[in-house]
1. Filter the stretch 46-63 for residues that are touching a residue at least 60 places away in the same chain (Cβ under 8 Å), open to solvent by 10 Å² or more (accessible area, probe 1.4 Å) and assigned to a helix (DSSP H, G or I); which is farthest from residue 118 (Cα to Cα)?
2. Can you tell me how many residues in the stretch 65-108 are in a helix (DSSP H, G or I) and either within 17 Å of the chain's Cα centre (by Cα) or among the hydrophobic types (A, V, I, L, M, F, W, C) (or both)?
3. Out of (1) closer than 30 Å to residue 57 by Cβ; (2) part of a helix (DSSP H, G or I), the odd one out for residue 196 is which?
4. For the stretch 191-220, what are the residues that are at pLDDT 90 or above and open to solvent by 40 Å² or more (accessible area, probe 1.4 Å)?
5. May I ask you to list the residues in the stretch 64-102 that are among the small types (Gly, Ala, Ser), modelled with pLDDT under 95 and surrounded by 13 or more Cβ atoms within 10 Å (Cβ to Cβ)?
6. Which members of the stretch 130-141 meet the condition of being open to solvent by 30 Å² or more (accessible area, probe 1.4 Å) and not in a helix (DSSP H, G or I)?
Amino acid sequence: MTMRRAMTVVAACAMIAACSKAPDSHDDAAVSGDTGPDLGGRSAAGIAFSYAYSLVMPGDDIADVQETHAAACERLGPDRCRITGLHYTVAPSGGVDADLSMTVAASVARTFGRQGVLAAQKAGAVLGGVTIGGTEVATQARADTQAATEAITERARVQADLRRRQTPEARAELRRRDTELAAQARTARADAATARDSIANTPVSFDYRSGRGVGLANRVREAGDAAAASTAATLAAVLWVIATLGPPLVVLLALVVVWRRWGQAAWRRVAGPGAPHTPPADPPVW
(Lines give C-alpha, C1' and ligand atoms only; values in the text may rest on other atoms or scores of the structure.)
Protein backbone atom coordinates (compact mmCIF):
# COMPACT_ATOMS: atom_id res chain seq x y z
CA MET A 1 0.00 0.00 0.00
CA THR A 2 2.80 2.38 0.95
CA MET A 3 4.70 1.47 -2.25
CA ARG A 4 1.67 2.24 -4.40
CA ARG A 5 1.20 5.62 -2.69
CA ALA A 6 4.87 6.50 -3.25
CA MET A 7 4.60 5.67 -6.94
CA THR A 8 1.49 7.85 -7.21
CA VAL A 9 3.31 10.80 -5.62
CA VAL A 10 6.29 10.40 -7.98
CA ALA A 11 4.01 10.31 -11.03
CA ALA A 12 2.18 13.43 -9.86
CA CYS A 13 5.47 15.28 -9.35
CA ALA A 14 6.60 14.31 -12.84
CA MET A 15 3.36 15.64 -14.35
CA ILE A 16 3.69 18.92 -12.44
CA ALA A 17 7.30 19.33 -13.62
CA ALA A 18 6.30 18.70 -17.23
CA CYS A 19 3.45 21.20 -17.05
CA SER A 20 5.65 23.84 -15.44
CA LYS A 21 8.29 23.43 -18.14
CA ALA A 22 5.97 23.77 -21.16
CA PRO A 23 5.32 27.53 -20.83
CA ASP A 24 9.08 28.19 -20.83
CA SER A 25 9.45 26.41 -24.15
CA HIS A 26 6.53 28.40 -25.52
CA ASP A 27 8.10 31.65 -24.36
CA ASP A 28 11.39 30.72 -26.02
CA ALA A 29 9.56 30.05 -29.27
CA ALA A 30 7.80 33.40 -29.05
CA VAL A 31 11.09 35.22 -28.56
CA SER A 32 12.57 33.34 -31.52
CA GLY A 33 9.62 34.39 -33.68
CA ASP A 34 10.05 38.04 -32.68
CA THR A 35 13.66 38.15 -33.85
CA GLY A 36 13.41 35.90 -36.88
CA PRO A 37 14.51 32.31 -37.49
CA ASP A 38 17.13 30.76 -35.26
CA LEU A 39 19.56 27.91 -35.75
CA GLY A 40 18.77 26.79 -32.22
CA GLY A 41 22.40 26.63 -31.16
CA ARG A 42 23.03 23.51 -33.23
CA SER A 43 26.66 22.87 -34.01
CA ALA A 44 27.68 23.59 -37.59
CA ALA A 45 31.41 22.97 -37.70
CA GLY A 46 33.04 23.86 -40.99
CA ILE A 47 30.19 26.13 -42.16
CA ALA A 48 30.81 29.79 -43.00
CA PHE A 49 27.63 31.64 -42.04
CA SER A 50 26.32 35.10 -42.87
CA TYR A 51 23.45 36.97 -41.22
CA ALA A 52 21.42 39.76 -42.85
CA TYR A 53 18.55 41.55 -41.09
CA SER A 54 16.05 43.95 -42.68
CA LEU A 55 14.43 46.49 -40.35
CA VAL A 56 11.56 48.89 -41.01
CA MET A 57 11.08 51.92 -38.76
CA PRO A 58 10.30 55.63 -38.82
CA GLY A 59 12.97 57.49 -40.76
CA ASP A 60 13.82 59.78 -37.83
CA ASP A 61 14.85 56.76 -35.72
CA ILE A 62 17.14 55.07 -38.24
CA ALA A 63 20.27 57.08 -37.41
CA ASP A 64 19.93 56.34 -33.67
CA VAL A 65 19.40 52.60 -34.21
CA GLN A 66 22.31 52.46 -36.64
CA GLU A 67 24.52 54.19 -34.07
CA THR A 68 23.33 51.73 -31.38
CA HIS A 69 24.39 48.77 -33.51
CA ALA A 70 27.75 50.37 -34.33
CA ALA A 71 28.38 51.07 -30.63
CA ALA A 72 27.55 47.44 -29.75
CA CYS A 73 30.17 46.30 -32.29
CA GLU A 74 32.76 48.66 -30.84
CA ARG A 75 32.10 47.31 -27.34
CA LEU A 76 33.05 43.81 -28.51
CA GLY A 77 36.47 45.10 -29.52
CA PRO A 78 38.36 44.83 -32.82
CA ASP A 79 39.25 41.19 -32.21
CA ARG A 80 35.60 40.12 -32.22
CA CYS A 81 33.82 42.78 -34.29
CA ARG A 82 34.87 45.17 -37.05
CA ILE A 83 32.68 47.60 -38.98
CA THR A 84 33.24 47.06 -42.70
CA GLY A 85 30.67 49.42 -44.22
CA LEU A 86 28.11 52.10 -43.37
CA HIS A 87 25.57 53.81 -45.62
CA TYR A 88 22.92 56.46 -44.89
CA THR A 89 20.87 58.26 -47.56
CA VAL A 90 17.91 60.64 -47.34
CA ALA A 91 15.78 60.78 -50.49
CA PRO A 92 14.20 64.05 -51.72
CA SER A 93 10.83 62.66 -50.62
CA GLY A 94 12.11 62.32 -47.06
CA GLY A 95 12.54 58.54 -47.06
CA VAL A 96 15.67 57.15 -45.43
CA ASP A 97 17.67 54.15 -46.63
CA ALA A 98 20.70 52.94 -44.65
CA ASP A 99 22.74 49.84 -43.90
CA LEU A 100 25.54 48.71 -41.61
CA SER A 101 27.95 45.84 -42.35
CA MET A 102 30.19 44.15 -39.81
CA THR A 103 32.45 41.15 -39.42
CA VAL A 104 31.75 39.40 -36.13
CA ALA A 105 33.49 36.46 -34.47
CA ALA A 106 31.55 33.31 -35.33
CA SER A 107 31.15 32.35 -31.68
CA VAL A 108 29.05 35.45 -30.94
CA ALA A 109 27.63 36.36 -34.36
CA ARG A 110 24.22 34.75 -33.92
CA THR A 111 23.71 36.25 -30.46
CA PHE A 112 24.95 39.64 -31.65
CA GLY A 113 22.45 39.68 -34.51
CA ARG A 114 19.49 38.72 -32.33
CA GLN A 115 20.40 41.28 -29.70
CA GLY A 116 20.65 43.90 -32.45
CA VAL A 117 17.12 43.06 -33.62
CA LEU A 118 15.78 43.26 -30.07
CA ALA A 119 17.41 46.66 -29.56
CA ALA A 120 15.86 47.91 -32.80
CA GLN A 121 12.43 46.58 -31.82
CA LYS A 122 12.64 48.46 -28.52
CA ALA A 123 13.18 51.63 -30.57
CA GLY A 124 10.01 50.94 -32.60
CA ALA A 125 11.42 48.96 -35.52
CA VAL A 126 9.72 46.01 -37.20
CA LEU A 127 11.68 43.04 -38.48
CA GLY A 128 11.09 42.93 -42.23
CA GLY A 129 13.17 39.85 -43.03
CA VAL A 130 16.16 37.69 -42.13
CA THR A 131 18.58 35.93 -44.43
CA ILE A 132 20.96 33.34 -42.94
CA GLY A 133 23.40 31.93 -45.46
CA GLY A 134 25.82 29.09 -45.01
CA THR A 135 28.64 27.67 -47.11
CA GLU A 136 30.51 24.46 -46.34
CA VAL A 137 34.18 25.40 -46.57
CA ALA A 138 35.94 22.95 -44.25
CA THR A 139 36.28 20.33 -46.99
CA GLN A 140 37.78 22.86 -49.37
CA ALA A 141 40.14 24.11 -46.66
CA ARG A 142 41.41 20.56 -46.10
CA ALA A 143 41.80 20.07 -49.83
CA ASP A 144 43.78 23.32 -50.13
CA THR A 145 45.99 22.34 -47.21
CA GLN A 146 46.64 18.94 -48.78
CA ALA A 147 47.44 20.56 -52.12
CA ALA A 148 49.93 22.90 -50.42
CA THR A 149 51.59 19.95 -48.68
CA GLU A 150 51.88 18.00 -51.92
CA ALA A 151 53.33 21.00 -53.73
CA ILE A 152 55.93 21.51 -50.97
CA THR A 153 56.86 17.81 -51.04
CA GLU A 154 57.22 17.81 -54.81
CA ARG A 155 59.27 20.99 -54.68
CA ALA A 156 61.66 19.39 -52.20
CA ARG A 157 62.30 16.57 -54.70
CA VAL A 158 62.86 19.10 -57.50
CA GLN A 159 65.33 21.06 -55.38
CA ALA A 160 67.15 17.84 -54.55
CA ASP A 161 67.49 17.15 -58.28
CA LEU A 162 68.79 20.68 -58.80
CA ARG A 163 71.63 19.99 -56.41
CA ARG A 164 72.76 17.11 -58.61
CA ARG A 165 74.63 17.48 -61.88
CA GLN A 166 72.18 18.21 -64.70
CA THR A 167 72.30 19.19 -68.33
CA PRO A 168 71.51 22.85 -69.03
CA GLU A 169 68.16 21.90 -70.56
CA ALA A 170 67.18 19.67 -67.60
CA ARG A 171 68.30 22.30 -65.09
CA ALA A 172 66.20 24.97 -66.81
CA GLU A 173 63.17 22.66 -66.76
CA LEU A 174 63.70 21.87 -63.06
CA ARG A 175 63.95 25.57 -62.21
CA ARG A 176 60.73 26.25 -64.12
CA ARG A 177 59.03 23.43 -62.24
CA ASP A 178 60.39 24.72 -58.91
CA THR A 179 58.92 28.17 -59.56
CA GLU A 180 55.60 26.67 -60.58
CA LEU A 181 55.37 24.50 -57.45
CA ALA A 182 56.27 27.45 -55.21
CA ALA A 183 53.41 29.48 -56.70
CA GLN A 184 51.00 26.55 -56.29
CA ALA A 185 51.95 26.14 -52.63
CA ARG A 186 51.47 29.87 -51.92
CA THR A 187 48.06 29.90 -53.60
CA ALA A 188 46.87 26.78 -51.81
CA ARG A 189 48.00 28.09 -48.42
CA ALA A 190 46.27 31.43 -49.05
CA ASP A 191 43.03 29.71 -50.08
CA ALA A 192 43.11 27.51 -46.99
CA ALA A 193 43.71 30.53 -44.76
CA THR A 194 40.82 32.38 -46.40
CA ALA A 195 38.50 29.42 -45.83
CA ARG A 196 39.49 29.16 -42.17
CA ASP A 197 38.99 32.91 -41.74
CA SER A 198 35.49 32.71 -43.26
CA ILE A 199 34.59 30.09 -40.67
CA ALA A 200 36.00 32.10 -37.77
CA ASN A 201 34.54 35.47 -38.86
CA THR A 202 30.90 35.93 -39.82
CA PRO A 203 29.44 38.79 -41.90
CA VAL A 204 26.50 40.45 -40.11
CA SER A 205 24.54 43.24 -41.77
CA PHE A 206 21.53 45.38 -40.90
CA ASP A 207 19.45 47.05 -43.62
CA TYR A 208 17.30 49.96 -42.44
CA ARG A 209 14.31 51.27 -44.38
CA SER A 210 11.94 54.03 -43.40
CA GLY A 211 8.32 52.95 -43.16
CA ARG A 212 5.47 52.25 -40.78
CA GLY A 213 5.89 48.49 -40.54
CA VAL A 214 3.94 45.52 -41.85
CA GLY A 215 0.23 44.79 -42.08
CA LEU A 216 -2.71 46.27 -44.01
CA ALA A 217 -3.16 49.28 -41.73
CA ASN A 218 0.48 50.26 -42.11
CA ARG A 219 0.28 49.78 -45.87
CA VAL A 220 -2.68 52.20 -45.99
CA ARG A 221 -0.77 54.72 -43.88
CA GLU A 222 2.25 54.43 -46.16
CA ALA A 223 0.00 55.00 -49.18
CA GLY A 224 -1.26 58.19 -47.51
CA ASP A 225 2.30 59.27 -46.83
CA ALA A 226 3.20 58.62 -50.47
CA ALA A 227 0.21 60.69 -51.65
CA ALA A 228 1.21 63.56 -49.37
CA ALA A 229 4.81 63.38 -50.56
CA SER A 230 3.67 63.36 -54.20
CA THR A 231 1.45 66.41 -53.61
CA ALA A 232 4.31 68.25 -51.92
CA ALA A 233 6.65 67.40 -54.79
CA THR A 234 4.11 68.67 -57.34
CA LEU A 235 3.63 71.95 -55.48
CA ALA A 236 7.39 72.35 -55.20
CA ALA A 237 7.76 71.83 -58.95
CA VAL A 238 5.06 74.43 -59.69
CA LEU A 239 6.69 76.94 -57.34
CA TRP A 240 10.05 76.28 -58.96
CA VAL A 241 8.61 77.00 -62.42
CA ILE A 242 7.00 80.20 -61.14
CA ALA A 243 10.20 81.30 -59.42
CA THR A 244 12.25 80.58 -62.55
CA LEU A 245 9.98 82.02 -65.25
CA GLY A 246 8.06 84.61 -63.21
CA PRO A 247 10.61 87.47 -63.14
CA PRO A 248 11.34 87.40 -66.92
CA LEU A 249 7.60 87.33 -67.69
CA VAL A 250 6.94 90.27 -65.34
CA VAL A 251 9.70 92.30 -66.99
CA LEU A 252 8.36 91.49 -70.48
CA LEU A 253 4.83 92.45 -69.47
CA ALA A 254 6.08 95.71 -67.99
CA LEU A 255 7.89 96.54 -71.24
CA VAL A 256 4.71 95.88 -73.25
CA VAL A 257 2.66 98.18 -71.00
CA VAL A 258 5.26 100.95 -71.13
CA TRP A 259 5.46 100.71 -74.92
CA ARG A 260 1.70 100.78 -75.42
CA ARG A 261 1.18 103.63 -72.99
CA TRP A 262 4.13 105.93 -73.59
CA GLY A 263 6.48 104.43 -76.14
CA GLN A 264 4.26 104.66 -79.19
CA ALA A 265 3.43 108.33 -78.57
CA ALA A 266 7.08 109.19 -78.04
CA TRP A 267 8.03 107.36 -81.27
CA ARG A 268 5.44 109.32 -83.29
CA ARG A 269 6.79 112.62 -81.95
CA VAL A 270 10.33 111.71 -82.92
CA ALA A 271 9.58 110.19 -86.32
CA GLY A 272 6.91 112.68 -87.31
CA PRO A 273 3.54 111.97 -88.93
CA GLY A 274 3.57 109.11 -91.34
CA ALA A 275 3.00 109.56 -95.13
CA PRO A 276 -0.58 109.12 -96.31
CA HIS A 277 -1.35 105.69 -97.51
CA THR A 278 -1.75 105.55 -101.29
CA PRO A 279 -3.33 102.47 -102.74
CA PRO A 280 -1.57 100.96 -105.75
CA ALA A 281 -2.85 101.92 -109.21
CA ASP A 282 -4.89 99.45 -111.16
CA PRO A 283 -3.00 97.77 -113.98
CA PRO A 284 -3.86 99.02 -117.52
CA VAL A 285 -6.44 97.18 -119.49
CA TRP A 286 -5.40 96.22 -122.99
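1. Going through the qualifying residues, I end up with 59.
2. Counting residues in the stretch 65-108 that are in a helix (DSSP H, G or I) and either within 17 Å of the chain's Cα centre (by Cα) or among the hydrophobic types (A, V, I, L, M, F, W, C) (or both) gives 12.
3. Unmet for residue 196, out of (1) closer than 30 Å to residue 57 by Cβ; (2) part of a helix (DSSP H, G or I): (1).
4. Once the filter is applied, which keeps residues that are at pLDDT 90 or above and open to solvent by 40 Å² or more (accessible area, probe 1.4 Å), the stretch 191-220 yields 203, 207, 209.
5. Hits for the stretch 64-102 are 93, 94, 95.
6. 130, 131, 132, 134, 135, 136
Quick grid of which residues meet (1) out of contact with any strand residue (DSSP E or B) (no Cβ under 9 Å at 6 or more places or on another chain); (2) assigned to a loop (DSSP other than H, G, I, E, B):
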residue: 113; (1), (2): no, no
residue: 118; (1), (2): yes, no
residue: 128; (1), (2): no, no
residue: 143; (1), (2): yes, no
residue: 150; (1), (2): yes, no
residue: 156; (1), (2): yes, no
residue: 164; (1), (2): yes, yes
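The values are calculated or read from the model by the stated rules, or taken from the named source; none is laboratory data. What you are looking at is a predicted structure, and each value in this text was computed from that prediction instead of being measured. Cβ sites come from the backbone with ideal geometry, for glycine too, and all protein chains shown count toward neighbours. Each accessible area value is taken on the protein alone, full model and side chains, heavy atoms only, with ligands, DNA and RNA left out. Shrake-Rupley method; radii C 1.70, N 1.55, O 1.52, S 1.80 Å.
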